[in-house]
Amino acid sequence: MCLTFSYAQRATDINILEPNFKEATLTKQYIYSDAHVAKGIEAVLKNDTLFHYEEKKFLNSGVFTHYNWVKIKIKNKSEVTKFVFEVNQTYLDSLQFYVVKGAGKVHSYPKKGLHFKDPDDTNFLSNKYAYVYPITIAQNEALTVYMRAIVNDGAFRVTNKIWTEKHYETRKLDIKIRTSYLIFFGGFTVLVVLISIAMFIFSKKRIYLYYTFFVAVVFINLLGLRHFVSPLYIEKYLFFGNSFTEMFALLQVTFILLYLNKFLPIKVYYPKVYIVLKYTAIFTFVFFISGLFLRRFDWFYGFSFYFTKAILLVVTVFMYAIALKLAFKKELMAYYFLLAYFPLMSFVAYYILTAFKLTNGFNPLQWEIVIFVEIFVLTIAMSHKYYLLIQENRVYERKIYEQRLKISRDLHDNIGAQLTFIISSIDNLQYGFNIKNDKLTGKLNSISAFTKDTIYELRDTIWAMNKDGISLEDLQVRISNFIDKAHLASRSTQFSFNIDKLLASSLEFTSVQGMNMYRIIQEAVNNAIKYAGATHVNVDIKKENNSILFSIIDNGKGFNAQTIIRGNGLNNIKKRASDINASLKIESKIDKGTQITFSVKV
């Protein structure tokens, strides 16, 4: 491209590269910004009056001017001729770079940025922290650099530097170090996500799931900002072509509200605020979904642009204020929140000042450091909260256990004593009054036997209640004692009890599991004796894959499963099996006996 142009020269507006030059931040610059019109290189070359001069390191045109031109004059008085020009703002929708030498000689470079057509994919891997351009300036030669930057979503705020090609190697080393931080942060983030998922699985508390999504959204957004993942790919495949920073901001607000509403005791102190935050999170997510389809329309885009930044700012400041109030109430999690979000609040405050052109430099806080501190502190806090949850559960379980002991003592001391008194009273009636009526004697004997059985049942219940867990050995002893008593009650019935030697005697079940297993076996054996008229009952316990299989087999008269009216016995067996998530199978054939099997996973 060749154009003829002229402009007034002022010696004071030229950046001089002195002898022994290595690097410099360019301070003498011209800037032209427009909110609506994107002028081309020809227009700005012909109309030099568009620019106004600023002598500062940091150029900031604010958020309301999307189209920005920068003009920088450079003269080389050093012995070096190969240089690297660095534009220190990576989040640009489009960046065009021109070098003008002499009268009308314009050299244009390939277009860069996030949202240009036919993107150069290698650009995303090489420009994580700045856009760079190699330029050649002969000794004592002067040239002018023109840059057109389009920023549709955010402020144009830039620092321009120039390096010798050799000295730029130190900058590359610095970028590699910062990149290594991000790689370390990536590994840390993966670990945090895995830990959070594990805490969610074990605790069933949704706060850990919300936190997992929040961390993932923040980190993927950072990868996009640093071009580790192409922002174009994120926007194309995740957000239907919409700005990834804006859409991620809405997701961040959603998950911040969801997890902080449970992280901080807001529901306890401010129940109305809790409800408002809950519905704000739902509204923000609905707005995010709507934005995927409606941001293509100008009326929605303008509203969405300001709404997203406003709600992110309001939510962050509001939650910080709530945390401050809770900190005065000495709530532990509020202290964690204040510590985690202090760097972010400082960053946000600086960002707002920058947006309104009230700062003259880049944010001194690195975004990676801000995010790392936030996630690091919050992860410690979430782990601490999980620890407190475990402690709460232990205290609760201890109280339940103590209550269980109290109930078992009351059962033993009161009901057990009363049942024993009934048996003693019946015996005294029989022997003290010399009752001759056989029918009455039989009735009293039946009541005495039933009461004795009730005492045995009560002892079994107290035995289970007094234990946190029941080992296989405990269960074996209990079943053996029961079978011995059953054999004494029914001499005509033969019993066999077998237990797989592969099963460890130390294998432990919960007290609920152990008691229900014992009751199922007890009920099945009693049914075989009382109703089936069995002459042989076999009880087997063996290992089968990852389960323990219990079998109770008798040679009694059996029944037709389709026609039998299920009594309390079979219903109790089904109910107890369901209570311990055991798979139950009842098979019976007329005159061939019954087989009841149930398996429990271990």
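Just so it is clear, none of the values below were taken in a lab; they were calculated from the coordinates. Owing to the predicted nature of the structure, the values given are computational and were not obtained by experimental measurement. Positions of Cβ are backbone-derived with ideal geometry, glycine not excepted, and every protein chain shown enters the neighbour counts.
Details
- Low-density loop positions, chymotrypsin sites (Phe, Trp or Tyr not before Pro), segment 539-602 - DSSP coil, at most 13 other Cβ in 10 Å: none
- Computed over the chain, relative contact order equals 9 percent, with contacts defined as Cα pairs under 8 Å that lie 6+ residues apart.
- Per-residue Karplus couplings for segment 273-283, computed as 6.51 cos²θ - 1.76 cosθ + 1.60 with θ equal to phi - 60°, are listed in order as 5, 4, 5, 4, 5, 4, 6, 5, 4, 5, 4 Hz, Gly and Pro entered as x.
- Two-site FRET efficiency, V190 against Y387, from Cβ-Cβ distance with R₀ of 22 Å, rounded to 0.05: 0.50
- Cross-link pairs K112/K236; K22/K101; K205/K585 - those with Cα-Cα distance over 24 Å: K205/K585
- Three principal axis extents of the chain based on alpha-carbon atoms, in descending order, are 137, 51, 48 Å.
- The angle between the Cα long axis of helix 168-203 and the main principal axis of the chain comes to about 20°, on a 0 to 90 degree scale.
- Between 0 and 90°, nearest 10: helix 298-328 axis offset from the chain longest Cα axis: 60
- Förster radius 25 Å - calculated FRET efficiency between Y109 and V229, Cβ distance, rounded to 0.05: 0.55
- Label point distance in nm, L294-L173, each placed 7 Å from Cα along Cα→Cβ: 5.4
- Segment 139-187 shape via C-alpha gyration tensor axes, a/c threshold 1.5: oblate
- Amide hydrogen proximity for K56: with H placed 1.01 Å from N in the peptide plane, the residues at 5 or more positions away or on another chain lying under 5 Å are Q29.
- Proximity of backbone amide H atoms, modeled 1.01 Å from N, is registered between H536 and Q494, N555 at under 5 Å, excluding neighbours fewer than 5 places apart on the same chain.
- Amide hydrogen neighbours beyond the local backbone of I499, cut-off 5 Å, H modeled: I541
- Whole-Hz ³J(HN,Hα) from phi, Karplus 6.51 cos²θ - 1.76 cosθ + 1.60, for segment 140-148, glycine and proline x: 6, 8, 10, 8, 10, 9, 10, 10, 10
- Where labels lie 7 Å past Cα in the beta-carbon direction, separation of I201 and H487 in nm: 4.7
- Cross-link check: pairs K452/K501; K501/K589; K443/K575; K28/K82 evaluated at a Cα-Cα cut-off of 29 Å; pairs beyond the cut-off: K452/K501; K501/K589; K443/K575.
- Unsatisfied cross-links (Cα-Cα over 26 Å) in the set K204/K406; K329/K399; K39/K73; K111/K309; K57/K77: K204/K406; K329/K399; K111/K309
- Contact order for segment 203-297, expressed relative to its length and based on alpha carbon pairs under 8 Å spaced 6+ residues apart, stands at 30 percent.
- Magnitude of the charge dipole, the chain, Cβ model with Lys/Arg +1 and Asp/Glu -1, debye to 20: 560
- Contact order for segment 458-602, expressed relative to its length and based on alpha carbon pairs under 8 Å spaced 6+ residues apart, stands at 23 percent.
- HN-Hα J in Hz across segment 508-518 - Karplus 6.51, -1.76, 1.60, θ = phi - 60°, x for Gly and Pro: 10, 10, 5, 4, 5, 4, x, 5, 5, 4, 4
- Taking the longest Cα principal axis of the chain as reference, the axis of helix 367-410 is set at about 10 degrees.
- Calculated mean residue ellipticity at 222 nm for the chain: -18000 deg cm²/dmol, from DSSP H runs with n ≥ 4 weighted as -39500 (n - 2.57), summed, divided by the residue count and rounded to 500.
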